[in-house]
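Participant: This is the structure, below, for whatever I ask next.
The values are calculated or read from the model by the stated rules, or taken from the named source; none is laboratory data. Everything numeric in this text was worked out from a predicted model, so none of it was measured. With ideal geometry, Cβ positions are generated from the backbone for all residues, glycine too; neighbour counts draw on all protein chains shown. When the accessible area is computed, the model is the full protein with side chains, heavy atoms only, and any ligands, DNA or RNA have been set aside. Shrake-Rupley method; radii C 1.70, N 1.55, O 1.52, S 1.80 Å.
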Amino acid sequence: MAIWFARSKNLVSSLRHNLNLSTILNKRDYFPRPIFYTTSQLSSTSFLSPVTSLRHESTAVETQPDHLVQIDEDDGQELDFPGGKVGYTSEMKFIPESSSRRIPCYRVLDEDGRIIPDSDFIPVSEKLAVRMYEQMATLQVMDHIFYEAQRQGRISFYLTSVGEEAINIASAAALSPDDVVLPQYREPGVLLWRGFTLEEFANQCFGNKADYGKGRQMPIHYGSNRLNYFTISSPIATQLPQAAGVGYSLKMDKKNACAVTFIGDGGTSEGDFHAGLNFAAVMEAPVVFICRNNGWAISTHISEQFRSDGIVVKGQAYGIRSIRVDGNDALAVYSAVRSAREMAVTEQRPVLIEAMTYRVGHHSTSDDSTKYRAADEIQYWKMSRNPVNRFRKWVEDNGWWSEEDESKLRSNARKQLLQAIQAAEKWEKQPLTELFNDVYDVKPKNLEEQELGLKELVEKQPQDYPPGFHV
């Protein structure tokens with residue numbers, strides 16, 4: 001210990017003598033104080049371009065200054081830490097838990113479907129607008145018929161997108177077919193837009209031999225390699241860190257594409273939400289995170305989920321550019337997602353979009369939302385704040401749509417869906433052996449034993465299994 005003190009004193013004396021720092025170090029200074037930098041010194045320090053990188057270079061590898069510099073407080077000072085260079089204040093002040101003013105919500109159309117004066121948005125052609133509306137209306141019809149099919153006992157489960165059609169279709173319209181989508185479970189409209197047929201939807205819901213998932217998944221767990229749409233999985237938010245990895249892979253392969261992933265407000269309470277955003281930010285992965293904030297995580301209201309100003313502020317905490325958008329405004333969603341996609345691809349950065357909306361339907365066919373929401377509240381959003389009606393008004397005001405077009409579209413969509421359901425019901429179910437395939441390259445002994453046991457059970461009690469079920 002005595003040797004250590006002696007060396008420390010010698011160091012102080014040497015610094016005083018060689019650097020003339022007697023005004024900085026006094027007799028009690030056994031360690032150098034924090035290093036201060038002027039603005040000019042900071043500008044000469046090597047940082048990565050904000051376009052090519054969001055990270056500062058580690059202070060461990062930067063050239064350390066040869067001497068200490070003291071600057072008057074009024075000139076602005078920076079403290080150099082391994083965690084970064086930051087200014088300092090002598091005032092003890094805590095950051096407030098939230099701003100007194102909430103982040104505003106970007107919108108283009110008012111509730112009557114008229115463009116708000118001086119709106120900043122990306123123009124939409126007649127052809128694109130009509131197709132967007134057609135797909136939104138078709139999604140409505142599809143949800144209604146499949147929901148009724150479940151209530152009739154023809155399929156085991158269903159989940160609608162009622163009230164969130166604009167987020168589905170407008171976001172899909174803003175993307176490139178090469179962009180890889182990692183959905184949650186309320187984004188069938190993205191698949192519909194990309195060309196997934198009504199027959200393909202029906203085959204998955206009925207789990208027949210034509211189902212790409214071989215009947216192993218619950219209904220509405222769609223997926224398509226052809227359309228760059230990852231298969232839906234039930235665990236909440238697992239797709240977010242996966243999206244960061246997909247985005248980073250696209251970046252490494254120098255693809256002109258990004259990953260796009262969806263999540264509900266409830267999913268932001270999962271650890272995977274934070275891991276996904278942080279991973280994407282640090283790795284500068286081109287990922288567009290789209291959060292549908294509909295106010296409810298099944299029966300849990302947002303007031304019981306978080307105290308922050310929604311989701312949009314969480315992006316800034318991870319160093320991610322973010323925006324809050326009216327999710328019931330198709331033009332606003334289209335403009336926001338298209339702009340975010342452009343940023344992600346050209347600047348190689350993640351972007352977070354919080355789309356404010358309302359889930360008009362029950363969470364799923366296993367839920368009764370009137371147990372935790374007032375019926376008149378649901379009716380208000382269904383009739384007065386309907387995103388499909390709102391966009392239709394704008395399309396009609398432009399002279400691009402008529403009542404005749406409306407009647408013809410919905411009639412044809414209903415007819416096609418009923419035909420698709422009837423055809424899907426006639427297909428055979430997947431054989432029982434598919435439960436045990438595609439798990440291992442060579443089926444292990446214990447799995448063979450389980451398969452044999454299940455076959456024997458089915459043959460012994462055939463009355464417990466649906467008609468057409470075969471081993």
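Participant: Calculate the spin-label point distance for A317 paired with F81, positioning each point 7 Å from the Cα along the beta-carbon direction, and give it in nanometres.
Facilitator: If labels sit at F81 and A317, their model points lie 1.8 nm apart.
Participant: Let's see if you can work this out: charge +1 on each Lys and Arg Cβ, -1 on each Asp and Glu Cβ, no other charges. What is the dipole magnitude of segment 384-454 about its Cα centre, in debye to the nearest 20?
Facilitator: 460 debye
Participant: Write down the accessible area per residue of segment 340-389 in Å², having rolled a 1.4 Å probe over the full set of protein chains.
Facilitator: 43 Å²
Participant: Mind giving me the nanometre distance, one decimal, between the label points for V282 and S366, set 7 Å out from Cα along Cα→Cβ?
Facilitator: 3.4 nm
Participant: In straight Cα distance, which lysines are under 24 Å from K254, not counting same-chain residues fewer than 8 positions off?
Facilitator: The qualifying lysines are none; the list is empty.
Participant: Moving to a separate point now. For segment 159-202, with all protein chains present and a 1.4 Å probe, just round the carbon and sulfur fraction of the accessible area to a whole percent.
Facilitator: 56 percent
Participant: For W427 and L128, what is the calculated FRET efficiency with R₀ set at 30 Å and r taken between the beta-carbons, to the nearest 0.05?
Facilitator: So the FRET efficiency works out to roughly 0.30.
Participant: Still on this structure, I have one more. Please give every one of the aspartates and glutamates within straight-line cross-link reach of K255, meaning a C-alpha to C-alpha distance under 17 Å, and leave out same-chain neighbours fewer than 8 residues apart.
Facilitator: Qualifying aspartates and glutamates at Cα under 17 Å: D178, D179, E284, E342, E347.
Participant: For segment 75-145, which whole percent of the accessible surface, found with a 1.4 angstrom probe, sits on carbon and sulfur atoms?
Facilitator: Of the solvent-accessible surface of segment 75-145, carbon and sulfur hold 54 percent.
Participant: Could I ask something else about it? Work through the residues other than Y248 whose Cβ is under 13 Å from its Cβ and net out their charges, Lys, Arg +1 and Asp, Glu -1.
Facilitator: +2
Participant: Starting from the Cα-Cα distance between F94 and T238, subtract it from 0.36 nm times their residue separation and give me the gain in nm to one decimal.
Facilitator: 48.4 nm
Participant: Within segment 342-432, which GluC sites (Glu not before Pro) sit in a loop by DSSP and count at most 12 neighbouring Cβ atoms inside 10 Å?
Facilitator: Answer in residue order: E428.
Participant: Could you please put M343, M252, M132 in sequence from largest to smallest accessible area, using a 1.4 Å probe?
Facilitator: M252, M343, M132
Participant: So, with +1 on the Cβ of K and R and -1 on the Cβ of D and E, and no other charges, what is the size of the charge dipole of segment 317-471 about its Cα centre, to the nearest 20 debye?
Facilitator: For segment 317-471, the charge dipole is close to 540 debye.
Participant: Counting only protein heavy atoms and using a 1.4 Å probe, what share of the accessible area of segment 398-466 belongs to carbon plus sulfur, as a whole percent?
Facilitator: Carbon-and-sulfur percentage of accessible area, whole number: 48.
Participant: Accessible area per residue for segment 208-320 in Å², computed with a 1.4 Å probe and the full protein assembly in place, what is it?
Facilitator: Per residue, segment 208-320 has an accessible area of 41 Å².
Participant: Right, another one. Beyond a 31 Å Cα-Cα separation, which of these cross-linked pairs lie in this structure: K209/K443; K314/K382; K251/K393; K85/K251?
Facilitator: K251/K393
Participant: So, R0 is 41 Å and r is the distance between the beta-carbons of L452 and Q305; what FRET efficiency does that work out to, to 0.05?
Facilitator: It comes to 0.30.
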